[in-house]
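*Asks:* After the structure tokens below, expect a handful of questions from me.
The values are calculated or read from the model by the stated rules, or taken from the named source; none is laboratory data. Remember, it's a predicted structure, so these values are computed and weren't measured experimentally. Cβ sites come from the backbone with ideal geometry, for glycine too, and all protein chains shown count toward neighbours.
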Amino acid sequence: MAAADPARGATAPRTGASARRAPAWLGPACLIGPALAFLLVFYVVPFAQLVVESLHPTGTARPGTMAAIGTEQYARLFGSGRMVRALQRTVWMSALTTVLTLAVAYPLALLLLQVGRRVRTALLTIVFVSLASSLIVRNYGWLVTLSDAGPVNVLLRATGLADGPVRLVYSEGATIVALVHYAIPFMVLPIFASLLRIPASLRESAQSLGASPWTVLRQIVWPLSMPGVFGGTVLTFSLSMSAFVTPLMLGSPSTSMVSQVAAEQFLVQLDFPLGSALVVVLTGLTFAIVSCYALLVRRVFRVHV
């Protein structure tokens, strides 16, 4: 019995430690908590302030009563032909930018999957250098490239496709080209990561059974890479919808996007309620389109996104 007492004493601390064990939710809460706090402080609260601001009339003091709350700014927004056209143009240019970026980035991701390690490292370095370079510097590069005396016009005249300078800058086309250039890294990297997770044995088995490379790509690789395609297209579309610097530098007043019109209301017209309404509508429209796209991907490709 005397020898058993030390054993009981040795097990007592373990019992107390197990009783004081932290709850299971504490670890995930510590990991997610800082991100949620950051989003709450720097996104949810400012966006809520924009929503409240958009419900006030123009040119009145903030009385702090519900009598001043209304939808006047949204009626002005949808009653303005310029703002409605800016919304339509923004959605159209963002959708076209997303499609073109996917058409460029998907073959590049497939190439990264097929080449050797050194070539892959070189290509990824080029992609990251493009991502790290200044957006303004890249836009100035496109201004020079697409100018009347730039390389593109020189090539067009040299090949006889144009007799004189072709107006390429300050247009929707120039803006879309620069947006595609900007968004390529955000499309390539998710797709490449998704392609890496596809077992090579699936492609080899299909080819051994007589499937052509196009059939393997269409029926195996493309469906299994949809999570990366979804992530890349959502990032590209969202970045294009909120683009400001690129359309400002390469576009024109006739091709302005919603971000430019909203900045004009804030900084030039000093009409904060209408500018806030524009931002709220742009954000809501982006979320609505992305949500519909997610539902479409789930139903068509049976992918959980």
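*Asks:* Quick check on SER259: is it surrounded by 16 or more Cβ atoms within 10 Å (Cβ to Cβ), of a type outside the set (Val, Ile, Thr), part of a helix (DSSP H, G or I) and touching a Leu at 6+ places or on another chain (Cβ under 7 Å)?
*Replies:* no
*Asks:* Kindly provide the set of residues from the range 217-243 that are polar (S, T, N, Q), closer than 16 Å to LEU110 by Cα and part of a helix (DSSP H, G or I), ordered by number.
*Replies:* GLN219
*Asks:* Looking at ARG138, ARG118, which one is surrounded by 13 or more Cβ atoms within 10 Å (Cβ to Cβ) and either of a type in the set (D, E, K, R) or within 16 Å of the chain's Cα centre (by Cα) (or both)?
*Replies:* So the residue among ARG138, ARG118 that is surrounded by 13 or more Cβ atoms within 10 Å (Cβ to Cβ) and either of a type in the set (D, E, K, R) or within 16 Å of the chain's Cα centre (by Cα) (or both) is ARG138.
*Asks:* Which residues, counting only those in the range 70-121, are farther than 15 Å from LEU282 by Cβ, without any contact (Cβ under 8 Å) to a residue 12 or more places away in the chain and either touching a His at 6+ places or on another chain (Cβ under 8 Å) or not in a helix (DSSP H, G or I) (or both)?
*Replies:* Passing the criteria: VAL115, GLY116.
*Asks:* Then there's this: Do we have any residue at all in the range 141-160 that's among the polar types (S, T, N, Q), in a helix (DSSP H, G or I) and buried (at least 16 other Cβ atoms within 10 Å of the Cβ)?
*Replies:* yes
*Asks:* GLU264 fails exactly one of the following numbered conditions: (1) surrounded by 22 or more Cβ atoms within 10 Å (Cβ to Cβ); (2) modelled with pLDDT under 95. What is the number of that condition?
*Replies:* Checking GLU264 against (1) surrounded by 22 or more Cβ atoms within 10 Å (Cβ to Cβ); (2) modelled with pLDDT under 95, the one that fails is (1).
*Asks:* Out of the residues in the range 189-224 meeting the condition of being touching a residue at least 12 places away in the same chain (Cβ under 8 Å) and small (Gly, Ala, Ser), tell me which one is farthest from VAL129 (Cα to Cα).
*Replies:* The extreme case among them is ALA206.
*Asks:* Answer yes or no as to whether LEU179 is crowded, with 20+ Cβ neighbours inside 10 Å, under 27 Å from SER134 (Cβ atoms) and free of Cβ contacts under 8 Å to residues at least 24 places away in the same chain.
*Replies:* Judged against the criteria, LEU179 is not a match.
*Asks:* Are there any pairs with C-beta distances below 8 angstrom linking a residue in the range 21-48 that is touching a residue at least 24 places away in the same chain (Cβ under 8 Å) to a residue that is surrounded by 10 or more Cβ atoms within 10 Å (Cβ to Cβ) and part of a helix (DSSP H, G or I), with the two at least 6 apart or on different chains, and if so which?
*Replies:* Listed pairs, sorted by first residue: PHE47/VAL280; PHE47/THR283.
*Asks:* Tell me yes or no: at least one residue of the range 163-176 is exposed (fewer than 12 other Cβ atoms within 10 Å of the Cβ) and in contact with a Leu (Cβ under 9 Å, 6 or more places away or on another chain).
*Replies:* no
*Asks:* Which condition breaks for LEU270 when tested against (1) buried (at least 16 other Cβ atoms within 10 Å of the Cβ); (2) not in a helix (DSSP H, G or I)?
*Replies:* (1)
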